[in-house]
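Handing you a structure now.
The values are calculated or read from the model by the stated rules, or taken from the named source; none is laboratory data. What you see is a predicted model, and the numbers here were worked out from it, not measured in a lab. Positions of Cβ are generated from backbone atoms using ideal geometry, with glycine treated the same way; all protein chains shown enter the neighbour counts.
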Amino acid sequence: MVYDGANAYIRVGGSWTGFFLADPGGPRGPNDPLWPLDALFGASAEAVEIGPEAVRGVPATRYRLTVDLARADAALPAGVSAPSGPYRSLRALPAEVWLDTAGLARRISVNSEPASADAVWSIVELWDFGVAADITPPGPDEVLAPAEAYRLAEEESSAPDT
């Protein structure tokens with residue numbers, strides 16, 4: 001997958017299709033992979049150290065805290081989208097963050113639906129800091145509707161080999 005702002009692109013057969021998670025100029029939604037990073041802008045000052053734990057082989061320290069989505073919304077130019085739930089629960093979402101020795105967040109985990117009977121955690125892991133990457137998302141003329149991309153892929157896979 002290639003994420004370009006709020007747009008998510010995936011290769012299906014030989015074609016690109018897109019899934020649009022939110023308005024590209026608006027706040028990231030809870031289904032966006034970087035939403036936990038945005039939510040962290042609402043972190044409370046009362047983080048509790050859980051202890052050392054490696055993330056992808058990198059030594060880190062795990063912390064437990066809460067995030068206030070109203071605070072995160074005020075801190076971000078585009079704001080932050082809130083998952084469904086009572087407003088009070090969105091002011092103190094359970095979260096955890098794993099920081100390496102340089103203070104870089106290696107993993108961020110936010111319980112995006114604390115009022116739900118089943119915990120729903122949004123988790124992002126970050127690695128390869130400083131590695132150059134050359135990723136070009138597909139242009140608008142290269143993106144097919146999902147149904148069309150899957151139809152073409154099915155035709156390609158069922159065509160007889162010549």
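Which pairs turn up if I take residues in region 59-79 that are closer than 24 Å to E49 by Cβ and modelled with pLDDT of 90 or more and look for partners that are acidic (D, E) and surrounded by fewer than 15 Cβ atoms within 10 Å (Cβ to Cβ) with beta carbon separation below 7 Å, at least 6 apart in sequence or on another chain?
Partner pairs satisfying both residue conditions: A60/E53; T61/E49; R62/E53; Y63/E49; L65/E46.
Oh, and also: Which residues, counting only those in region 44-65, are of a type in the set (D, E, K, R), closer than 16 Å to I123 by Cα and in a strand (DSSP E or B)?
Selection gives R62, R64.
Next question, about the same structure. Return yes when G85 is in contact with a Ser or Thr (Cβ under 8 Å, 6 or more places away or on another chain), surrounded by 14 or more Cβ atoms within 10 Å (Cβ to Cβ) and assigned to a loop (DSSP other than H, G, I, E, B) and no when it is not.
So G85 passes the test.
Then there is this: Please find, within region 125-162, the residue that is modelled with the highest pLDDT out of those that are exposed (fewer than 10 other Cβ atoms within 10 Å of the Cβ) and part of a helix (DSSP H, G or I).
Residue satisfying both the conditions and the ranking: A147.
Can you tell me which of V48, V2, V12, V58 is surrounded by 13 or more Cβ atoms within 10 Å (Cβ to Cβ), in the same structural domain as L104 (by TED's automatic domain parsing), aliphatic (A, V, I, L, M) and touching a Phe, Trp or Tyr at 6+ places or on another chain (Cβ under 8 Å)?
V58
Next question, about the same structure. Which residue is modelled with the lowest pLDDT, if the candidates are limited to region 112-124 and must be surrounded by 10 or more Cβ atoms within 10 Å (Cβ to Cβ) and outside any strand (DSSP E or B)?
A115
Every residue, every condition in (1) within 22 Å of P137 (Cβ to Cβ); (2) of a type in the set (V, I, T), yes or no:
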{"position": "Y3", "(1), (2)": "yes, no"}
{"position": "W16", "(1), (2)": "yes, no"}
{"position": "Y63", "(1), (2)": "no, no"}
{"position": "V67", "(1), (2)": "no, yes"}
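Hey, another quick one. Quick check on region 88-102: of everything there that is small (G, A, S) and either under 15 Å from F41 (Cα atoms) or under 17 Å from the mean Cα position of the chain (by Cα) (or both), which residue is surrounded by the fewest Cβ atoms within 10 Å (Cβ to Cβ)?
Filtering first and then ranking leaves A92.
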